[in-house]
Amino acid sequence: MTIKTTKLLLAALSAAIGFTLTASAEDGQLPPPSTKTGVTYATDIKPIFDASCVKCHSGDKPKARLHLDTLDGTLKGTKDGKIVTPGDSANSPVIKSVAHATADQDLWMPPLKNKAGIAPLTADQIGLIRAWIDQGAK
């Protein structure tokens, strides 16, 4: 197999996996919450948000007026309302956005085609955010 064929095969496989994950989320299949206990914003969630979210959701003019760089900002939500429902991750808008489980792709976070090249969150990351919310979002 040539390098060109290998690259083409890897690209096709990557696209198929991404489509499968996105399709299952769109069908209402959210990744399950992590089984980790004692999940906190500072220890577990902030590192995920720092890597995938704060480029757009921090600073003087955060998109949607949403600050994900602090616990208070995350719990406050957007200009349109709260994104976290403590104790109920399955119905928290942030989970539906990061799991790409909404029909409106404009709500998917991070967006599929973003200038920063940030990849979608993994099922494990979404599961950890779900566990944090289900445990009270502290």
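Some values worked out for this structure:
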{"item": "Helices (runs of 4 or more DSSP H) (entirely within the stretch 1-77) containing at least 2 residues that are at pLDDT below 50", "result": "3-26"}
{"item": "Qualifying position, being touching a residue at least 12 places away in the same chain (Cβ under 8 Å), closer than 23 Å to S34 by Cβ and part of a loop (DSSP other than H, G, I, E, B), among I83, I95", "result": "I83"}
{"item": "Of all residues making up the stretch 39-73, the number that are among the acidic types (D, E) and in contact (Cβ under 8 Å) with a residue 60 or more places away in the chain", "result": "1"}
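The values are calculated or read from the model by the stated rules, or taken from the named source; none is laboratory data. Bear in mind that the values here come from a model prediction, so they are computed numbers and not experimental data. Positions of Cβ are backbone-derived with ideal geometry, glycine not excepted, and every protein chain shown enters the neighbour counts.
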